[in-house]
Amino acid sequence: MQIGAYLNSMRDPAGLPAPAFIFDAFLVLTFALHILFVNLVIGSAILIVWGKIKKTEYSARLSSSLSKLLVNSVSWAIVLGVAPLLFIQVIYDPFWYTANTLSAFWALIFLAFIALGFSLIYVYYLSDGKRSVLWIILSLGLFLLAGIVKHSLAITQLYPESWPSFAVRDGLYISTGKYLHGFEIFRFLHFVIPSLAVVGVWLIFYAKYFRGKYENEYLDWVSGLGIRLALIFSVIQGIIGFFWLLTLPGDLNFIRHPVFIVALILSLIFILYLFLSYRSGNLRPTLMAILLGITVSAMSAARESLRIAYFSRVGYNLADYPVNLSLGSLILFLSTFIMGLIVLFYVATVAYRAGKGIREVGAHALGKISVYLLWLWIIFMVSIGLYNTIKG
Amino acid sequence: MYPIWDVPYLSSALIVGLISSFHVLPSHLAVGALWVTVFIEKLAYSQNRSDYLDFVKRFTLLLLIFSFVFGSLSGIGIWYSATVSSPRAISALIHNYVWGWATEWIFFLIEIATIYAYYLTLGKVDPKTHIRLGYIYAIGAWISMIIITGILAFMLTPGKWLETGDFFDGFFNPTYFPQLFMRTFLMFGISGIYGLLISSTLNYQTKIDLSKLISKIAFFGMILGGLFSLWYYKKLPAETYQIIQGLPYMKTLIKVSILSFFILLGYFLLVGFIIPKLNNFALSLVIIVIAFIGILSGEGVREGARRPYIINGFMYGNQIIAKDHPALKIKSEVQKFEETGLLTHLGYLPQNLKKITSDNRLEVGRIIALHNCANCHAFTKAGLRPLPKLLAGFNPKSPEDIDAFLSALSAFPYMPPFAGNDEERKAAAEYLFTLVSSKK
């Protein structure tokens, strides 16, 4: 059996419960959110270490502030990773499951790296930053190790024609999944380098948010650091991206891919905007965050297009994945998604105001609506359940 | 078929089982905790007991670390371990329930947002808002249980889904509601043991008052949870009872989980109604370990009762589709593998291992045996259901004896039929015979 035929034969016989493009769109969107928080975690951890080692008044203060943010960001990075994890294995199941089982040991141990790294961050956080910064360095190392594992598993998926040589060595099948099967430096760096740009934008937001609460001199220093980090590391990211592009297989002709070209233009606009902001000193965090979000989403879409291009080389096309539509469950998700945004908006409002030191945060009507919506969801679901049970 | 993962001594299924059983503790704590905490917070305001707020703070921190570090990651761990041990089974679940899981994910987002807000704003926002945050968390977390129970229960009792393939028919299956209520009330027991652990760290009077209160909540939760467990047990399919009766270890697991249930119940009774000062940190830890052993046993029964299936009535433990599913246009694969063999479907192997030759016979036999057996059996002499020991029990004199045994596998109600053609089965038998005859 040729590899293309094998891949198509391994698609789940149940088919997709909705057209592939819906999963693909959610995959791109949720991955962009996930990688933003992953970058925020890595970038914050680097600044925590830098601030503590540098030991100036402001850097130490920023280091301490960021350590309070870090546990929260790790949680968000983890939970936002769940959705792309789900969607990728729906539409790319033959690639996903083969790569993971071929490196089964690593596919599991990477979670242990994250658990240990997260625990070390808590050790540091609960000491109010008094413990050695070594805990954060170790944690950073573990997260990067986890990133290498995930990166390698992604690379394994891109080369199905090499799977037989990954699976067997010296005529013996490797049943323990103890090897990783690939590492591409520029691709890996393209996921890691933006960390300092993302944390840079965060710092600009931080400086705006605490204006009036902390003294201006400190906040000016923070936003100055933020814009420099955002600009410098966005430029470096562009250079890394260029080298990554050079190392891609020529037959993909990715440089002419329309999604890549759009992503490239958006990235350049973002860099230009950062440069102009740096020159003028007029920093607008909300606009900058929106542009960052658009750029990261475009990069996520470009990476997805690259994956599609790789997979089409072995005859795998999303469009011909059979669909067994499950409209009811799709509606359940979409309506819950909208409801979730309302509830999250309420919680974010409370957190935003409380963080500014406001005790009477208000928004009670929205709060009540959030609670009612949740109860309504339960009543709705139980009604379907009872109807189905009685019918059955 | 996907590549197969072999775990010496343990088997890949046990890896899933261990991670899943651990996950029960932080996940049920995550669902139950804030119902208890918000109640105690309300008491703190209404009875002017600011010392109760110490409990709220510490308990929430415990929740953040235990449930939102180890709980979150062990939850993803179940997924990954299932991915590498039974990829086709998790694929079947995901392709049917992806929107269910995606819906649950929305509530994960709500849980993360509210639990951090709840922890960080205690004493910093007005009590009404703070309690509402806790309340949103508690309802959202319970909804995540409402969702995941549908998928968990589906694996043992897929119900009408086997005919219709409909999402909701599989979701609201025969054991759905009993299992949902069982988990809902037992979670108060799990929250109780962690609540007692935190109470034991507070000053004496707070510890006594809260130990009494929490034990009472946990006690009544356990009683109701126990009653719903009985309902759940009654709703299990008839063949499940045969499996349980036919396998002595299953009966032992049931006894252990019942014993652990009554130890917990007794402890809550003592602390809640008779000797509240009995509660201390060390004892609470012991009770947590006992709860874990009970859960491990209970989950072992729930998982084992599905044998020989991984999705009851649909897919065997060796990931072969067992029966036709006309509504989803899926065909049984048993005959296909008998006729065309397993090797032609192992597209991840190099060509030289896809045909049995005198040179590769044993290695190919090993690969075929791994696909058929490694999910549930260790290939080492010791470990979980170790094949060398089990096969030695039949006292085979030659590979042919093992081949005859493999041909008759489906005669055992808890074993799936052998997947592969005659030649492959013979090769597997030759390899398995080396395990029995090996002196190592």
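The values are calculated or read from the model by the stated rules, or taken from the named source; none is laboratory data. The shown structure was predicted, so the numbers you read here are calculated from the model rather than taken from an experiment. In this analysis, Cβ positions are derived from the backbone assuming ideal geometry, glycine residues included, and neighbour counts consider all displayed protein chains.
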Query raised in the report: Do we find that A:Asn388 is surrounded by 14 or more Cβ atoms within 10 Å (Cβ to Cβ), touching an Asp or Glu at 6+ places or on another chain (Cβ under 9 Å) and either over 30 Å from A:Gly241 (Cα atoms) or not assigned by TED's automatic domain parsing to the domain that holds A:Ile204 (or both) in this structure?
Result: yes
Query raised in the report: Of all residues in the range B:406-440 being at pLDDT 95 or above and among the aromatic types (Phe, Trp, Tyr), which is surrounded by the most Cβ atoms within 10 Å (Cβ to Cβ)?
Result: B:Phe418
Report task. Can you tell me which residue among A:Trp76, A:Trp96, A:Trp106 is under 16 Å from the mean Cα position of the chain (by Cα), assigned to a helix (DSSP H, G or I) and within 11 Å of chain B (Cβ to nearest Cβ)? Result -> A:Trp76
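Suppose we filter A:Ser73, A:Ser67 for residues that are at pLDDT below 95 and buried (at least 22 other Cβ atoms within 10 Å of the Cβ); which single one remains?
A:Ser67
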Query raised in the report: Which of (1) part of a helix (DSSP H, G or I); (2) surrounded by 19 or more Cβ atoms within 10 Å (Cβ to Cβ) is the odd one out, the single condition A:Gly129 does not satisfy?
Result: (1)
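What number of residues within the range A:15-46 satisfy the criterion of being in contact with a Lys or Arg (Cβ under 9 Å, 6 or more places away or on another chain) and within 14 Å of chain B (Cβ to nearest Cβ)?
Kept after step one, since they are in contact with a Lys or Arg (Cβ under 9 Å, 6 or more places away or on another chain), are these residues of the range A:15-46: A:15, A:28, A:31.
This time we only want the ones that are within 14 Å of chain B (Cβ to nearest Cβ), so: A:15, A:31.
Total meeting the criteria: 2.
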**Report entry** Unique match (being surrounded by fewer than 23 Cβ atoms within 10 Å (Cβ to Cβ) and in contact (Cβ under 8 Å) with a residue 12 or more places away in the chain) among B:Phe55, B:Phe22
**Finding:** B:Phe22
Requested in this report: Please work out which residue is surrounded by the fewest Cβ atoms within 10 Å (Cβ to Cβ), limiting yourself to the range B:61-87 and to residues that are more than 8 Å from every other protein chain (Cβ to nearest Cβ) and either touching a Pro at 6+ places or on another chain (Cβ under 6 Å) or closer than 16 Å to A:Ala77 by Cβ (or both).
Outcome: B:Phe66
Requested in this report: Answer with yes or no whether B:Ile198 is within 21 Å of B:Phe55 (Cα to Cα) and among the β-branched types (Val, Ile, Thr).
Outcome: yes
Query - When residues of the range A:4-36 are limited to those that are over 15 Å from A:Met299 (Cβ atoms) and aromatic (Phe, Trp, Tyr), the one surrounded by the most Cβ atoms within 10 Å (Cβ to Cβ) - result: A:Phe23
Report task. Could you tell me which of the residues A:Ser329, A:Ser312 is among the polar types (S, T, N, Q), surrounded by fewer than 19 Cβ atoms within 10 Å (Cβ to Cβ) and within 29 Å of the chain's Cα centre (by Cα)? Result -> A:Ser312
Query - Any pair with Cβ under 7 angstrom, 6 or more apart, that starts in the range A:279-307 at a residue that is in the same structural domain as A:Leu158 (by TED's automatic domain parsing) and ends at one that is in a loop (DSSP other than H, G, I, E, B) and buried (at least 16 other Cβ atoms within 10 Å of the Cβ) - result: A:Ser305/A:His257
Requested in this report: Give the residues of the range A:111-125 that are facing chain B (nearest Cβ under 8 Å) and either touching a residue at least 24 places away in the same chain (Cβ under 8 Å) or not small (Gly, Ala, Ser) (or both), sorted by residue number.
Outcome: A:Leu111, A:Ile114, A:Phe118, A:Tyr122
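Any idea which of A:Ile239, A:Ile204, A:Ile193 is over 20 Å from the mean Cα position of the chain (by Cα) and over 19 Å from A:Leu287 (Cβ atoms)?
Just one listed residue meets the conditions, A:Ile239.
Could you say whether any residue in the range A:209-227 is within 23 Å of A:Phe243 (Cα to Cα) and within 21 Å of the chain's Cα centre (by Cα)?
no
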Query raised in the report: For residues in the range B:128-141 being of a type in the set (A, V, I, L, M, F, W, C) and more than 8 Å from every other protein chain (Cβ to nearest Cβ), which is farthest from B:Thr103 (Cα to Cα)?
Result: B:Ile131
Query raised in the report: Of everything in the range B:380-416 that's under 23 Å from the mean Cα position of the chain (by Cα) and of a type outside the set (Gly, Ala, Ser), which residue is farthest from B:Ser438 (Cα to Cα)?
Result: B:Pro413
Report task. Please work out if A:Leu373 is more than 28 Å from the chain's Cα centre (by Cα), more than 7 Å from every other protein chain (Cβ to nearest Cβ) and crowded, with 18+ Cβ neighbours inside 10 Å. Result -> yes
Query raised in the report: Only one residue in B:Ala33, B:Ala44 is away from every other protein chain (no Cβ under 14 Å), among the aliphatic types (A, V, I, L, M), surrounded by fewer than 24 Cβ atoms within 10 Å (Cβ to Cβ) and assigned to a helix (DSSP H, G or I), so which one is that?
Result: B:Ala44
Report summary line: Inside the range A:349-362, the number of residues satisfying the requirement of being at the interface with chain B (Cβ under 8 Å from one of its Cβ atoms) and closer than 17 Å to B:Tyr135 by Cβ is 4
Query raised in the report: Do we have A:Ile384 as of a type in the set (A, V, I, L, M), part of a helix (DSSP H, G or I), over 30 Å from A:Ile269 (Cα atoms) and out of contact with any strand residue (DSSP E or B) (no Cβ under 9 Å at 6 or more places or on another chain) here?
Result: yes
Query raised in the report: In the range A:235-257, is there at least one residue being buried (at least 19 other Cβ atoms within 10 Å of the Cβ) and hydroxyl-bearing (Ser, Thr, Tyr)?
Result: no
Report task. Please state which one of A:Leu102, A:Leu134 is without any contact (Cβ under 8 Å) to a residue 12 or more places away in the chain and farther than 22 Å from A:Trp202 by Cβ. Result -> A:Leu134
